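Student: Take a look at this one; I'll ask things after.
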Amino acid sequence: MIELLPLLGTDFRSGTELARELGVSRVAVWKRIQRLREMGYPVEAHPKRGYRLVEEAPAPGVLAARLPRRPAGSYRYLGVTASTQEDLRRWAAHGAPSGALVVAEGQTAGRGRRGRRWQSPPSKGLYCSVLLRGLPVGKLPLLGLAGGVALAEATGVGRVKWPNDILGPDGAKVGGVLMEAQTNGEEAHVVILGLGVNLEPADLPDHAAALSRYSRVSRTDLLVAFVQRLEHWLDRLDRPGEVLAAWRRRDVTLGHQVRVRTRQGVVEGRAVGVRTDGTFVVRPMSGEEVAVAAGDVELVGQIRTMS
Ligand code: BTN
C-alpha cells in the first residue's frame with residue numbers, strides 16, 4: 001500500500017490528486033487523513049484546496065529540500081510517539097545510517113537528563129534525536145558540549161549552562177540536549193543526541209520558558225540550523241580548543257558564583273569553566289578546584305540578564 005504521509009507537504013494537495021496517486025477513492029484518502037491525525041500529525045483540511053501539513057511541520061519533503069546533502073531515507077517524521085530516543089535506538093539496531101534523524105510532533109515519555117521527564121506537548125516544541133556512529137569514546141564529552149553549542153547557535157539567542165542546558169537571554173531554560181551511547185571498548189558504535197526545545201508556551205516548569213519569548217523561530221528553521229551547526233562542530237571534534245572556546249562564549253556561569261548538586265553532595269564556588277573531558281570546574285572559596293563529572297548547576301543569587 002502506498003503511504004499518504006510522504007505525499008503530504010506544507011502546500012495543499014487536492015483530495016482528487018492524492019486519491020489518483022494512491023490509487024484509492026477520495027473517501028479512502030479522507031480516512032487515511034483521519035488516521036494520520038490520530039497518530040498526531042497536524043494535517044489541515046480545506047474544503048476547496050485539499051490537505052496539507054501545517055506550515056511549520058518539519059515534513060520530509062521540506063527537510064530534504066532544505067538539507068539536500070542528506071542521504072534519502074535518513075529522516076523519519078513521527079506524530080506522537082513515546083520517545084524519539086527509543087525510536088532511533090530501535091532504528092539504529094536495524095541499520096539506521098550515521099546522521100539519521102527522528103523528529104516527532106509530540107512525545108508521551110520524553111526523557112530528560114538524570115532520569116527526568118521531558119514534557120513534550122504536541123506541536124509545541126522541537127523533539128528530535130540524531131544518530132552518530134563510530135566515535136571514539138574519549139570524544140563523547142566534547143561531543144556533548146558541541147551538541148549544546150550547536151543547539152544554542154541554532155536558536156539564535158541561546159546561552160549554555162553545563163552540561164547541556166540551553167537558556168534564553170534572561171536565564172530561563174528553553175531546551176536541552178541528552179546524549180545516550182552504546183559503547184564497545186574504545187568505540188561508541190551508537191550515539192544518540194536528543195534535543196528538546198520549548199518553542200511555544202505550554203505547561204512548563206518555573207525555571208523554563210518557550211523560545212517564542214525571545215524570538216520567532218520555526219521548528220523547521222531551528223532543525224535545519226541545528227543540523228548545519230552540528231555538522232560544523234562534528235568536523236572540529238579534533239580541535240577541542242575551538243569547541244571549548246565556542247562553549248565559553250555562550251557560557252552563562254563563567255566567572256560567576258554557582259552551586260553544583262552532584263550525587264555525592266553540593267559544591268559551591270566560582271565557575272572556572274569546562275574542560276575537554278567534559279567536566280565542569282568550580283573554585284570554592286577555600287580549597288582546591290573541583291572538577292565535577294555529573295550534576296546540576298545553578299547560579300547563586302540573582303539570575304542575570306545577558307546581552
Ligand atoms: C535535558 O534534560 O535537558 C535534555 C532533554 C532532551 C529531550 C529530548 S526531546 C527529544 C529526545 N527524546 C527524548 O525522549 N528526549 C530527547
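Student: Please list, short to long, the whole-number percent of alpha-carbon pairs of segment 116-246 in consecutive 10 angstrom bins beginning at zero.
Tutor: Values per bin, smallest distances first: 13, 45, 31, 10, 0.
Student: Using a Cα-Cα cut-off of under 29 Å, which lysines could be cross-linked to K161, ignoring same-chain neighbours fewer than 8 residues away?
Tutor: Once the sequence-local lysines are set aside, what remains near K161 is K124, K139, K173.
Student: Please grab the % of Cα pairs in segment 6-132 that end up more than 22 Å from each other. Write out the running numbers ahead of the final one.
Tutor: Values: 3372 of 8001 pairs.
Summing the P(r) of segment 6-132 above 22 Å gives 42 percent of all pairs.
Student: Just for segment 257-299, what percent of DSSP beta bridges are antiparallel, to the closest 5? Mind dumping the intermediate values first?
Tutor: Numbers: 17 of 17 bridges.
Among the beta bridges of segment 257-299, antiparallel pairing accounts for roughly 100 percent.
Student: Let me ask another. Which lysines does K31 reach when only Cα atoms under 23 Å apart count, and residues fewer than 8 places away in its own chain are ignored?
Tutor: K48
Student: Could I ask something else about it? Against the 2.2 N^0.38 Å scaling, with N counting residues, where does segment 146-218 land? I'd like the Cα-based Rg ratio to two decimal places. All intermediate terms of the calculation are to be shown ahead of the outcome.
Tutor: Values: Rg = 13.8 Å, N = 73, 2.2 N^0.38 = 11.2 Å.
That ratio works out to 1.23.
Student: Could you put R89, R248 in order, starting from the residue whose Cβ has the fewest other Cβ atoms within 10 Å?
Tutor: On the way: R89 18, R248 13.
The most exposed by this proxy come first: R248, R89.
Student: Can you give the percent of C-alpha pairs in the chain whose distance is more than 28 Å?
Tutor: Numbers: 19540 of 46971 pairs.
Result: 42 percent of Cα pairs exceed 28 Å.
Student: Looking at segment 144-219, which trypsin sites (Lys or Arg not before Pro) are in a loop (DSSP not H, G, I, E or B) and have at most 14 other Cβ atoms within 10 Å? Display every interim value, and only then the final one.
Tutor: Working: sites: R159, K161, K173, R213, R216, R219; in loops: R216.
In loop regions of segment 144-219 (DSSP not H, G, I, E or B), the sparsely surrounded trypsin sites (Lys or Arg not before Pro) are R216.
Student: So, one more: Springs between alpha-carbon atoms under 10 Å, Gaussian network over the chain: tell me which of A93, A45, A104 tops the mean-square fluctuations.
Tutor: A93
Student: How about segment 74-161: which GluC sites (Glu not before Pro) there lie in a loop by DSSP and see at most 16 other Cβ atoms within 10 Å? Could you put the intermediate results ahead of the total?
Tutor: Details: sites: E86, E105, E153; in loops: none.
Listed in order of number, the matching sites amount to none.
Student: Taking N as the number of residues in segment 257-299, what is its Cα Rg relative to 2.2 N^0.38 Å?
Tutor: Values: Rg = 9.2 Å, N = 43, 2.2 N^0.38 = 9.2 Å.
Relative to the 2.2 N^0.38 Å estimate, segment 257-299 comes out at 1.00.
Student: Between segment 244-303 and segment 47-68, how far is it from one alpha carbon centroid to the other, in angstrom?
Tutor: Going from one Cα centre to the other spans 43 Å.
Student: Between V197, V217, V103, find the one with the highest GNM mean-square fluctuation for the chain; connect C-alpha pairs within less than 10 Å.
Tutor: Maximum among the listed residues: V217.
Student: Report, in degrees rounded to the nearest 10, the 0 to 90 angle that the Cα long axis of helix 219-234 makes with the longest principal axis of the chain.
Tutor: 50
Student: Obtain the nm distance between the two label points defined at R213 and R261 by a simple spin-label model: each point lies 7 Å from its Cα along the Cα-to-C-beta direction.
Tutor: 1.9
Student: Okay, next question. Restricting to the chain, what percent of DSSP beta bridges are antiparallel, rounded to 5? Intermediate results must be reported in sequence, preceding the final value.
Tutor: Values: 53 of 61 bridges.
Here the antiparallel bridges make up roughly 85 percent for the chain.
No lab work stands behind these numbers, since they all come straight from the coordinates. Being a predicted model, the structure only gives us computed values, none of them experimental. Neighbour counts are summed over all protein chains in view; Cβ atoms, including those assigned to glycine, are modelled from backbone coordinates with ideal geometry.
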